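The values are calculated or read from the model by the stated rules, or taken from the named source; none is laboratory data. Just so we're clear, the structure is a prediction, and the values are computed from it rather than from any experiment. All Cβ positions, glycine included, derive from the backbone under ideal geometry; neighbour counts span all protein chains shown.
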Amino acid sequence: MKKNKRGDALKSQLSRNIRQFRVNSGLSQEELAEKAGISVPYLGAIERGEKWPGPATMGEIANSLGVEPHDLLRPENASSREVRKVVDKLAKDISALVGESIKMLNNIARDSGGPGKKKDD
C-alpha cells in the first residue's frame, strides 16, 4: 500500500494545531474531549496523529476550541511564529512595567503617609 505523504503531513498538521489550540485555551484533554463529545483516548490519538477525525468531529473540536474548522488544518508559518514571539515579549515588558508602576505608587503612598493622612499646616 502506497503511503500518502500529503495526507500524513495534513494529519500531522491537524494534530499539532489541535494540541496547540487546546493548550493555548488552557484546556486539558479531558476538558476538550468532554466539550467536543468524544472520548479522551480518541482525542489523544488525534493529537498524536494516529487517528483522523471525521468532518463532524472536526467541527465539534473546532467549535469547542473557539476556532473555525479550517484553522485546524492551517499550517503555521514563520510570520505567525514571529508575531507570537513579539506579542509574548510585549506581554512580558508590559507586565514588568505594571509591576514597576505598582512599586512606585506604593513608595509614593508610603512616603506621603498613606491615604487619609492629614498633613500639618
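Identify, please: which residue in the range 37-65 is assigned to a loop (DSSP other than H, G, I, E, B) and touching a helix residue (DSSP H, G or I) at 6+ places or on another chain (Cβ under 8 Å) and is, among those, surrounded by the most Cβ atoms within 10 Å (Cβ to Cβ)? Before the answer, list the steps.
Step one: list which residues in the range 37-65 are assigned to a loop (DSSP other than H, G, I, E, B), which gives 37-39, 48-54.
Of the ones still in play, those that are also touching a helix residue (DSSP H, G or I) at 6+ places or on another chain (Cβ under 8 Å) are 37-39, 48-49, 51-53.
Details: 37: 11, 38: 17, 39: 11, 48: 11, 49: 17, 51: 16, 52: 14, 53: 21.
Ranking the qualifying residues of the range 37-65, first place goes to 53.
Please verify whether the range 77-95 includes one or more residues that are part of a loop (DSSP other than H, G, I, E, B), modelled with pLDDT under 90 and within 15 Å of residue 13 (Cα to Cα).
Taking the range 77-95 and keeping what is part of a loop (DSSP other than H, G, I, E, B), we get 77.
Filter once more, so that each one left must be modelled with pLDDT under 90: 77.
Still in the running and within 15 Å of residue 13 (Cα to Cα): 77.
Among the residues of the range 77-95, at least one is part of a loop (DSSP other than H, G, I, E, B), modelled with pLDDT under 90 and within 15 Å of residue 13 (Cα to Cα), which makes the answer yes.
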